[in-house]
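The values are calculated or read from the model by the stated rules, or taken from the named source; none is laboratory data. None of the values given here were measured: they were computed from a predicted structure. Positions of Cβ are generated from backbone atoms using ideal geometry, with glycine treated the same way; all protein chains shown enter the neighbour counts. These accessible areas exclude ligands, DNA and RNA; they are computed on the full protein's heavy atoms, side chains included. Shrake-Rupley method; radii C 1.70, N 1.55, O 1.52, S 1.80 Å.
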Amino acid sequence: MSLPQNNKVYTVSRLNREIRGLLEQGFASLELTGEISNFVAPASGHWYFSLKDEKAQVKAAMWRGNNRYCKYRPENGAQVQVKARVSVYEPRGDYQLIVEQMAPAGEGLLKQQFEALQMQLAAEGLFNSFHKKSLPQQINRIGVVTSATGAAIKDILSVLKRRAPQLEVTIYPTLVQGTGAGAQIAEKIALADKRNEVDILIVGRGGGSLEDLWCFNEEVVARAIFACNLPIISAVGHEIDTTISDYVADLRAPTPSAAAELVSPDSNELIGYVKDRKQRLTHALKRKLYDEQQHIARLQQRLSLQHPQNQLMQQVQRVDELQQRLIRALQYQQQKQHHKVNVLEHALLKFHPEKRLNTAKAKLERLTSTLHNTMTQQNTNQKNQLAVLAARLDSVSPLAVLSRGYSITQKANHVVTSISDVQTGDALVTQLVDGQVHTKVTNITKPKE
């Protein structure tokens, strides 16, 4: 049975390529946090790793051109925040993140949560100036939601005492830091709204880190401020600190002291209002600028899809993958050969000739000792025999005869044994025990019969 012809039948390569285009266009830029695992940094200089949380994981790559600007050296188990785009590694059909920036998680995560909630509440209209309530023309009673022992309430009371001591102040004490602070701040705002005993409400605290001020970035506080019928001034931290409560509140004061000045009668009230409007405009322009930057980034991403560098990076990643597979294969073969050598060494030790060699060595030492003793004995016997023969030889030696007073006379190297062997005038040599005497025959005498 044959399948019907269909011009829309995909090849695997085409499918992966088009999926890659869709993902890269749909997720041109995103930020996320996770834990690093399976981190690999091959000789090419690129980084390959996985980002995971308690329920899922995703593969990621960071090219050398980007990671050389990274001041943070990642390691397995580290929590990081990354800026990345989604892509597909076409040879395997795996979707992955192409990481462009990386930083340790922590404050970055809080900033991400801040931006996410900011965008959510802005989309719901909680920041719209339409909902902002104007400050009362006449203020006689002021409510303050803050810590009863903090520096903020002291600064507020000090300013009010100096500028408008006739004003009544009602304090709604609450936690302004730590677990449960956000919920308690929201409860105090709702309580002040329910009692309706003040003309305006100041919500804030003194300066601190992003973590210290975080309760004023919680959604429960933002919604409590939005739902309150009383005009609210947000006075959190220092002038450079910005929280979600600043955006939702009817007015934002750079410090608690500035909030006290805003609600107290003073000629600088109009100046403060203008400054606040300027700041709101600045924030709006910043948000607009951010949106335009994101739009430009998306356009650049679409343009980069046609760039050959992407294909090159895919091939580079493929080379790195093959290199890692080759290294693992070589390591496996090395381990296999090492195991084989260990087995052979064990077998060799089992049948090692060392014991036989030690036995033969001991036997050789015994034989050597025996041979040495035998040779010594034979040498002694030979010496004794030689001494006996030397004594015998000495007894018949001419030298022994000479030592008894005899001599040997020679003529031309022939021993003279008779007077007939010499003539008058012959030269003779007489050998004595201690030397030779040379003589000349002058007379020959025969013995008398």
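Ranked by the mean number of other Cβ atoms within 10 Å per residue, highest first, peptides 193-205, 282-294, 151-163 order as 193-205, 151-163, 282-294. In the list (1) -0.28, -0.65, -0.99; (2) -0.56, -0.85, -1.01; (3) -0.23, -0.54, -0.84, the label attached to log10 I(q)/I(0) by the Debye sum over Cα atoms at q = 0.06, 0.09, 0.11 Å⁻¹ as derived from the coordinates here is (2).
Anisotropy class assigned to the range 12-104 is prolate, per the alpha carbon gyration tensor with a/c at or over the 1.5 cut-off and a/b larger than b/c.
If you place +1 on the Cβ of every Lys and Arg, -1 on the Cβ of every Asp and Glu, and leave all else neutral, what size is the dipole of the range 125-269 about its Cα centre, to the nearest 20 Debye?
340
When the listed pairs Lys132/Lys275; Lys133/Lys188; Lys363/Lys383; Lys340/Lys361; Lys361/Lys383; Lys133/Lys288 are checked against a 27 Å cut-off, the alpha-carbon distance exceeds it for Lys363/Lys383; Lys340/Lys361; Lys361/Lys383. Here the range 125-269 exposes an accessible surface that is 49 percent carbon and sulfur, computed with a 1.4 Å probe and the other protein chains kept in place. For the chain, give me the percentage of DSSP beta bridges that are antiparallel, rounded to the nearest 5 percent. Antiparallel bridges make up about 65 percent of those DSSP assigns within the chain. With the highest mean first, a sort of the peptides 313-322, 358-367 on other beta-carbon atoms found within 10 angstrom per residue produces 313-322, 358-367. Summing Cβ point charges (Lys, Arg +1; Asp, Glu -1) relative to the Cα centre of the chain gives a dipole of roughly 1960 debye.
Shape of the range 125-269 from the C-alpha gyration tensor: rounded (a/c under 1.5, with a ≥ b ≥ c the square roots of its eigenvalues).
So how far, in whole Å, is the C-alpha centre of the range 92-149 from the one of the range 232-263? Taking the Cα centre of each part, the range 92-149 and the range 232-263 sit 14 Å apart.
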